[in-house]
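Here is the structure we will look at.
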Amino acid sequence: MWNTAWGEKKQTDSFMWTGANSANGISIIARVTVSSAAIAARLLAKGDIKEKGIVAPEDAIKGEAYRLFMQELEKRGIVVAETIK
């Protein structure tokens, strides 16, 4: 997966990749989607995400919560490379 986000002065390109879990019939997109949702739910339950209500992930998962989120993705074998321009 690839995504680009633009700010006022910077652009971030993010590349995410992983493999499928063929033994359990789980596709790549399912692994990424389910893992991201599960990690965010755990961070929210632990109080690491402070925002309340309907908030876009990029606005809620920031600072230390972002570091923890990325660390948990890595533990699950989901690699994310970011380039900031």
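The values are calculated or read from the model by the stated rules, or taken from the named source; none is laboratory data. Just so it is clear, the model here is predicted, and its values are computed rather than measured. Neighbour counts run over all protein chains shown; Cβ positions are idealised from the backbone, glycine included. The protein model used for the area step is the full one, side chains on, heavy atoms only, and it has no ligands, DNA or RNA in it. Shrake-Rupley method; radii C 1.70, N 1.55, O 1.52, S 1.80 Å.
Rounded to the nearest 500, the helix-only mean residue ellipticity at 222 nm of the chain stands at -12500 deg cm²/dmol, with each DSSP H run of n ≥ 4 adding -39,500 (n - 2.57). Within the range 1-71, the trypsin sites (Lys or Arg not before Pro) that combine a DSSP coil assignment with at most 13 other C-beta atoms in a 10 angstrom radius are Lys9, Lys10, Lys50, Lys52.
Nothing charged except the Cβ atoms of Lys and Arg (+1) and of Asp and Glu (-1): what's the magnitude of the dipole of the range 7-77 about its Cα centre? Round to the nearest 20 debye.
Working: 11 positive and 9 negative charges, 35 e Å.
Value, rounded to 20: 160 debye.
Note on Ile78: accessible area approximately 10 square angstrom, rounded to 10, probe 1.4 Å, nucleic acids and ligands left out. In this structure the amide hydrogen of Ile49, modeled in the peptide plane, comes within under 5 Å of the amide hydrogens of Leu44, none closer than 5 places in sequence on its chain. Non-local lysine pairs in the chain, meaning eight or more places apart or on different chains, with alpha-carbon distances under 30 Å, amount to 19.
Taking the Cα centre of the range 36-85 as origin, sum charge times position over the Cβ atoms of Lys and Arg (+1) and Asp and Glu (-1), and report the length of that vector in debye to the nearest 20. Mind dumping the intermediate values first?
Values: 9 positive and 8 negative charges, 23 e Å.
It comes to approximately 120 debye.
Phi-derived couplings, Karplus 6.51 cos²θ - 1.76 cosθ + 1.60 at θ = phi - 60°, listed residue by residue for the range 6-17: 10, x, 5, 10, 9, 10, 10, 9, 10, 10, 10, 8 Hz, with x used for Gly and Pro.
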